[in-house]
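For reference, the structure discussed in these notes is given below.
The values are calculated or read from the model by the stated rules, or taken from the named source; none is laboratory data. Computed from a predicted model, the values in this text were never measured in an experiment. With ideal geometry, Cβ positions are generated from the backbone for all residues, glycine too; neighbour counts draw on all protein chains shown.
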Amino acid sequence: MISSIPAFLTVLCRTGDVGTRAAQSAVVEALVDALRSGRLPSGRRAACGAQHRAAMTAPTHAQSLGPIGYLCAWCANPGLQQAPSAATFDRALQSLLRLVGHSPRARSLHAQRLPDMAEDPLGGTLTRRTRHVLQQLAEAWSAPQATPQSTADACIKAMGHSGLGALRAPAATHGTALRRL
C-alpha cells in the first residue's frame, strides 16, 4: 500500500521520532541552511482553481512550501491529492514540530515563514482557508508555552469542518509518527 504522506515528510518524521540526537541535529541544521539559501525541500500546491496536474509544474501557478507548511496546506485543501487521515496528520505534524524544535534557530525560521505564506493572498496559490490554518499554526507555535501537542491542536481546530477537529491520535502513538511506514 502506498503511503498518503510524501517520502520526504516520512523521512523527516521518522528522523524526528527515532533518529539519534546527532541525526536529528544534522537534519535540522540542513533544513536551516536550506531555508536560508532558498533551497528548502518542499512540495508544490496547485493554484486555486487549477484542475490539472500540469498546473502544478508551472511556476506562476504554484507556491513552494516547506515541510510543515506543505503538510498543513495539503490537509486543509487536498486538491488533486488525497489528504492524510486525521490521525496520520496529527502524528506527522507533531513529529515535524518536535524535529524542528530541536534547534531554536530552525524553529524561529520556520515559525517566521508560516505567517509570511499566510499573508500572501496575491500569490493566489493558497485558499483563504489554507492561509487561515497556516496563520493559526504560526500563532500557536509562537506562544511561549507552545508544545507540539498544543500547536497541532490549534491547527486541527482551525481546520474545523475538515473532520480533523474531532479526531486525536491516541497518546501512545505520539512518539512514532507514521510507524506503519
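Report the residue count in the range 7-23 for those that are β-branched (Val, Ile, Thr) and either surrounded by 17 or more Cβ atoms within 10 Å (Cβ to Cβ) or under 15 Å from Phe89 (Cα atoms) (or both).
Residues flagged as β-branched (Val, Ile, Thr) and either surrounded by 17 or more Cβ atoms within 10 Å (Cβ to Cβ) or under 15 Å from Phe89 (Cα atoms) (or both) within the range 7-23 amount to 3.
Each row is one residue, and each column tells you yes or no for (1) modelled with pLDDT of 90 or more; (2) assigned to a helix (DSSP H, G or I); (3) under 17 Å from Leu71 (Cα atoms).
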| residue | (1), (2), (3) |
| --- | --- |
| Ala92 | yes, yes, yes |
| Pro115 | no, yes, yes |
| Pro144 | no, no, no |
| Ala154 | yes, yes, yes |
| Gly160 | no, yes, yes |
| Gly175 | no, no, no |
| Arg180 | no, no, no |
